[in-house]
Amino acid sequence: MSEEKKVNGFLVSKTDTRGRITYCNQAFIDISGFSENELLGKPHNIVRHKDMPRSIFAYLWREIAQKKEVNVYVKNLAKDGGYYWVFANVTPSLDTAGKVIGYYSVRRKPNPKGVSLAIELYAKIQEAEKQGGIESGLAFFHKFFADLKQSYDNFILHAQVGGE
């Protein structure tokens, strides 16, 4: 069984438009267990945990490619096999002409209530992905929030600030 690590402070990284890490702060280096040299230039999915539905990242990439800000719960994998949950805020970085030149992510300690909700939802999304790939996972994701009559953004922010 892998060990859960606890997030302290803010984990910050920047990537280019293809998701390769161009900057990472010491808190991110420390919790991930990778050295700065092991992280820089690598795809950010170097810390992707197998429990994360691919559909969540497809959703994230579709949104940030449209210059939208995204908040999401993410389970990350550390170099030593441990893991850590974060509440991630990802925003596009724009040049003076408004063109996306990269992405900026700040991750913080997640609300345990939000992590519980994410675990439950992500298991259902992964099941949909097993049946029909990423598109099936995305279809489940969108139907889930349509049935709730609540936007994903509202749901995720309420889960983060809604007490423990």
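Structure above, values below:
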quantity	calculated
Selection from segment 151-161 of residues that are open to solvent by 30 Å² or more (accessible area, probe 1.4 Å) and not aromatic (Phe, Trp, Tyr)	Ser151, Asp153, Asn154, Leu157, His158, Gln160, Val161
All positions within segment 106-126 that are polar (S, T, N, Q) and surrounded by 14 or more Cβ atoms within 10 Å (Cβ to Cβ)	Asn111, Gln126
Output for segment 29-66, where each listed residue is under 15 Å from Asp80 (Cβ atoms) and not charged (D, E, K, R)	Ile29, Ile31, Ser32, Gly33, Phe34, Ser35, Leu39, Ile46, Val47, His49
From Tyr122, Tyr83, Tyr152, Tyr104, residue being in contact with a helix residue (DSSP H, G or I) (Cβ under 8 Å, 6 or more places away or on another chain), at pLDDT 95 or above and under 27 Å from Lys6 (Cα atoms)	Tyr122
In segment 5-30, residue surrounded by the fewest Cβ atoms within 10 Å (Cβ to Cβ) [restricted to those that are touching a helix residue (DSSP H, G or I) at 6+ places or on another chain (Cβ under 9 Å) and in a helix (DSSP H, G or I)]	Gln26
Criterion violated by Leu11 - all others in (1) more than 21 Å from Val161 (Cα to Cα); (2) in contact (Cβ under 8 Å) with a residue 12 or more places away in the chain satisfied	(1)
Candidates Lys50, Lys75, filtered to the one that is closer than 25 Å to Arg20 by Cβ and part of a loop (DSSP other than H, G, I, E, B)	Lys50
Those residues of segment 127-150 which are open to solvent by less than 50 Å² (accessible area, probe 1.4 Å) and more than 21 Å from Gly162 (Cβ to Cβ), in sequence order	Ala128, Glu129, Gly132, Gly133, Ile134, Ser136, Gly137, Leu138
Hits in segment 41-66 - residues which are open to solvent by less than 30 Å² (accessible area, probe 1.4 Å) and of a type outside the set (Phe, Trp, Tyr)	Val47, His49, Met52, Pro53, Ser55, Ile56, Ala58, Leu60, Ile64
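The values are calculated or read from the model by the stated rules, or taken from the named source; none is laboratory data. From a predicted model like this one, the values you see are computed outputs, not experimental measurements. No Cβ is skipped: glycine too gets one built from the backbone with ideal geometry, and neighbour counts run over all protein chains shown. What goes into the accessible areas is simple: the full protein's heavy atoms, side chains included, and nothing from ligands, DNA or RNA. Shrake-Rupley method; radii C 1.70, N 1.55, O 1.52, S 1.80 Å.
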